[in-house]
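Participant: Let me give you the structure first, and then I'll get to my questions.
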Amino acid sequence: MAEGILVVLDQENGRVRRVAYEMLSRAQEIAAGTVTALTFGPGAETLAETLGRYGADQVVALTGDAFTRYSSDGWAEAVRQVVEVIDPVALFFPATAWGKDLSPRVAGLLEAGLATDCTEIHPSEGGRLEAVRPVYAGKAFQRVRIDTPRQLFSLRPNIQPVIEHGRPGQLRPVTVSVSPDQFQAVVTAVENNAGGTVELTEADIIVSGGRGIKAPENFKILEGLAEVLGAALGSSRPVADEGWVPHSYHIGQTGKVVSPTVYFAVGISGAIQHLAGISGSKYIVAINSDPDAPIFKAANYGIVGDLFQVVPHLTEEIRRL
Ligand code: FAD
């Protein structure tokens, strides 16, 4: 009988994203049965001990030629084969760009239901799970139960706490039969537009600029504030559409969904499509010259003023701390 949770992790050269520890921690708390971490690519084997500390009872590490470059169809088939061996009742994926690409393909292959971008996940009746996920651009929350034999969930990063369980994970050898020659799509290169700054979806503090910054060269004012705070940089959609910043900065309904501890919205009006991407923030600090800007309704702290005066002052004050 199916039991336990398979947590599917994105890793690069032996480094996993924080969301991996968040998913494992939650899985260990609620799983009736074994928690298995599934990793891909070179260096994955060395992760077993660390993943164990955060909740993985066992680790399946898929290595070899097929797992050096991401292939959505190829890796989805590999996950399907691992599921046949491990036989979990539920699968967790990160609600990152990678997880959003892979999870629906796996759901299709398994003919299983998938609840995406979940902010909560709880045990429910009959050993099944129940998730909570935002809908209508974050205006409402939906409780979801999946009634297919296997239940798939993608979990929004930066929401679940990371808990150390203190047990070493065991490597569990599983062989899958997939060949790169049969893959229909393979990632050939990854460009890091953000220039090595902190990844937005994992950032604890974000400084984000809107059309109020008026010109691309003015973004350096925000870069100064981000630097003293150790923050990642983000933007509203028009700022990215104008080409003032890379598209990877774009936050909102059609961009990245972020959940930092502090989100600075600078010169951003607070349109519903932008708020959809930031509603998971613990504190929102708005800086806007218009006291009636909708962002102030969503903000915990607001500064009504000209960003070209407020931001440099704030940066200097924080630098002095
Ligand atoms: P504006 O609305 O123009 O606001 C600029 C703000 O700057 C104003 O509040 C102004 O008071 C303030 N300001 C001006 N000068 C100063 C100054 N000197 N000092 C301080 N404040 C100043 N938008 C997103 O952001 N993300 C999305 O994912 C997204 N998806 C969308 C999807 C759809 C289908 C649609 C239709 C729209 C979407 N949008 C999205 C666009 C969204 O509706 C808004 O148009 C956009 O968020 C506005 O961006 P903004 O706040 O930067 O600009």
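Derivation of every value follows stated rules applied to the coordinates shown; laboratory data play no part. Computed from a predicted model, the values in this text were never measured in an experiment. Counting neighbours? That spans all protein chains shown, and the Cβs are built from the backbone with ideal geometry, glycine included.
Participant: Could you grab the relative contact order for the range 46-195? Cα pairs under 8 Å, six or more apart, rounded to a whole percent. The partial results should precede the final answer.
Facilitator: Numbers: 255 pairs, mean separation 60.2, N = 150.
RCO, the range 46-195: 40 percent.
Participant: Separate question: I need two numbers for the chain: Rg to one decimal and Dmax as a whole number, Cα atoms only, in Å.
Facilitator: 20.9, 64
Participant: Let me ask something additional. Taking springs between alpha-carbon atoms closer than 10 angstrom, which of Gln309, Gln142, Gln273 fluctuates most in the Gaussian network model of the chain?
Facilitator: Highest fluctuation among the options: Gln309.
Participant: Okay, next question. Before anything else, pin down the relative contact order of the range 211-321: Cα pairs under 8 Å, at least 6 apart, normalised by residue count, whole percent.
Facilitator: Numbers: 186 pairs, mean separation 26.6, N = 111.
It rounds to 24 percent for the range 211-321.
Participant: Would you compute, from DSSP H runs of 4+ residues alone, the mean residue ellipticity of the chain at 222 nm, taking -39500 (n - 2.57) per run and dividing by the full residue count, rounded to the nearest 500?
Facilitator: Result for the chain: -7500 deg cm²/dmol, rounded to the nearest 500.
Participant: Then there's this: If you take every DSSP beta bridge fully contained in the chain, what fraction is antiparallel? Give it as a percent rounded to 5.
Facilitator: Working: 12 of 55 bridges.
Around 20 percent antiparallel, to the nearest 5.
Participant: Another one. With a/c under 1.5 counting as rounded, go ahead and sort the range 2-96 into rounded, prolate or oblate using the C-alpha gyration tensor (a ≥ b ≥ c being the square roots of the eigenvalues; past the cut-off, prolate if a/b is larger than b/c, else oblate).
Facilitator: Working: a/c = 1.72, a/b = 1.24, b/c = 1.39.
Note, shape of the range 2-96 comes out oblate.
Participant: Restricting to Cα pairs below 8 Å that are 6+ residues apart, what does the relative contact order work out to for the chain? Please round to a whole percent. Working shown, then result.
Facilitator: On the way: 749 pairs, mean separation 49.9, N = 321.
Value for the chain: 16 percent.
Participant: Of Leu275, Gly255, Val228, which is farthest on the positive side of the dipole of the chain, counting Cα position, with +1 on Lys and Arg Cβ, -1 on Asp and Glu Cβ, and the Cα centre as origin?
Facilitator: Most positive-ward Cα: Leu275.
Participant: Please find, in a Gaussian network model of the chain (springs between Cα atoms separated by less than 10 Å), the residue of Ile278, Ile146, Ile251 whose mean-square fluctuation is greatest.
Facilitator: Largest GNM mean-square fluctuation: Ile146.
Participant: May I pose another question? By its C-alpha gyration tensor, with a ≥ b ≥ c as the square roots of the eigenvalues, how is the range 206-300 shaped: rounded for a/c under 1.5, else prolate for a/b larger than b/c, else oblate? Show your work: numbers first, answer last.
Facilitator: Values: a/c = 1.21, a/b = 1.18, b/c = 1.03.
Cα axes put the range 206-300 in the rounded bin.
Participant: For the range 61-119, what does the alpha-carbon gyration tensor say about shape, rounded, prolate or oblate, given a ≥ b ≥ c as the root eigenvalues, a/c under 1.5 as rounded, and a/b over b/c as prolate? List each step's numbers first, then the result.
Facilitator: On the way: a/c = 1.82, a/b = 1.24, b/c = 1.47.
Oblate.
Participant: Let's see if you can work this out: charge +1 on each Lys and Arg Cβ, -1 on each Asp and Glu Cβ, no other charges. What is the dipole magnitude of the chain about its Cα centre, in debye to the nearest 20?
Facilitator: Details: 27 positive and 36 negative charges, 110 e Å.
Charge dipole of the chain: 520 debye, to the nearest 20.
Participant: Taking amide H atoms as placed 1.01 Å from N in the peptide plane, list the residues 5 or more away in sequence, or in a different chain, whose amide H sits under 5 Å from that of Phe40.
Facilitator: Gln11, Leu62
Participant: What residue among Glu202, Glu217, Glu111 shows peak mean-square fluctuation when the chain is described by a Gaussian network model with Cα springs under 10 Å?
Facilitator: Glu217
Participant: Also: Using only Cα atoms, figure out Rg for the range 199-258 and give it as a multiple of 2.2 N^0.38 Å. It would help to have the intermediate numbers written out before the result.
Facilitator: Working: Rg = 10.6 Å, N = 60, 2.2 N^0.38 = 10.4 Å.
Normalised Cα radius of gyration, the range 199-258: 1.01.
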